[in-house]
Amino acid sequence: MLTKMWLKANATYSRYVNNERGAQALEWVALGLVVLAVMGAIASGVGDNTSIGRTIVSKLEEMINKIGGGGGGS
């Protein structure tokens, strides 16, 4: 009797645990939302003429210059 209960409980548990359909899609949606949030924060900082906006723009310019290999920025 205990064995039957264990097997039934294990089968039910396994069915829910092994069902991972849609998990990857949910991860991509979450990643997209994070990217949008970061872009929104950057846009709001750059849109205003604030010190944080100027700092973000200068750091982005530095990173682009490093990636481009030019390295001859100001």
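The values are calculated or read from the model by the stated rules, or taken from the named source; none is laboratory data. Just so you know, these numbers come straight off a predicted model, no measurement behind them. SASA here: full protein model, heavy atoms, side chains in, ligands and nucleic acids out. Shrake-Rupley method; radii C 1.70, N 1.55, O 1.52, S 1.80 Å.
Below are the figures for this structure:
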read-out: Residues that are modelled with pLDDT of 75 or more, among the aliphatic types (A, V, I, L, M) and open to solvent by 90 Å² or more (accessible area, probe 1.4 Å), drawn from the range 1-28; value: MET5, LEU7, LEU26
read-out: VAL57 vs. criteria part of a helix (DSSP H, G or I), modelled with pLDDT under 80 and open to solvent by less than 60 Å² (accessible area, probe 1.4 Å); value: yes
